1. Can you work out the accessible area per residue across the chain, with the rest of the protein chains kept in place, probe 1.4 Å, in square angstrom?
2. If amide hydrogens are placed 1.01 Å from N in the peptide plane, which non-local residues have theirs closer than 5 Å to the one on Tyr46?
3. Using only Cα atoms and rounding to the nearest 10 degrees, what angle (0 to 90) does helix 16-28 make with the longest principal axis of the chain?
4. Calculate what fraction, in whole %, of the accessible area of the chain sits on carbon and sulfur atoms when a 1.4 Å probe is rolled over the protein chains.
5. Mind ordering 28-37, 13-22 by average Cβ neighbours within 10 Å, highest first?
6. Considering the values (i) 16.0, 47; (ii) 10.9, 35; (iii) 11.6, 37, which represents Rg and Dmax of the Cα atoms in Å as calculated for the structure under consideration?
7. For Met3, enumerate residues with amide H under 5 Å from its amide H, sequence gap 5+ or separate chain, H modeled in the peptide plane.
8. Take each of the peptides 3-9, 42-48, average the number of other beta-carbon atoms within 10 Å over its residues, and list them starting from the highest.
Amino acid sequence: MYMPIPGDLAFPMIATSDIAKVAAEVVTDGSWQGVNVRELLGPKDYSINDAAEIISEVAGKEVKHV
């Protein structure tokens, strides 16, 4: 995987399924009106190296940051 940042630089990441869950809660809430801004963060910051390691485990193939 390619990212134009150092592989060991950790930053906030969140799963799209977590975003979808919150979005569904907001739009199905009958009291919601207008604009609703939410800042969403995952449970911890991850680096690209961390993400590559997780993807490697799930995919069963070695994935590296370049």
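1. On the way: 5280 Å² over 66 residues.
That works out to 80 Å² for each residue.
2. Phe11, Met13
3. Helix 16-28 sits roughly 0 degrees off the main axis of the chain.
4. On the way: 3080 of 5280 Å².
About 58 percent, which is the carbon plus sulfur part of the accessible surface.
5. 13-22, 28-37
6. Computed from the coordinates, Rg and Dmax of the Cα atoms in Å corresponds to (i).
7. For Met3, the qualifying residues are Val66.
8. On the way: 3-9: 11.0, 42-48: 14.3.
Per-residue Cβ counts within 10 Å, averaged per peptide and sorted highest first, yield 42-48, 3-9.
The values are calculated or read from the model by the stated rules, or taken from the named source; none is laboratory data. Worth saying up front: this structure is predicted, and the values here are computed from it rather than measured. Cβ sites come from the backbone with ideal geometry, for glycine too, and all protein chains shown count toward neighbours. The protein model used for the area step is the full one, side chains on, heavy atoms only, and it has no ligands, DNA or RNA in it. Shrake-Rupley method; radii C 1.70, N 1.55, O 1.52, S 1.80 Å.
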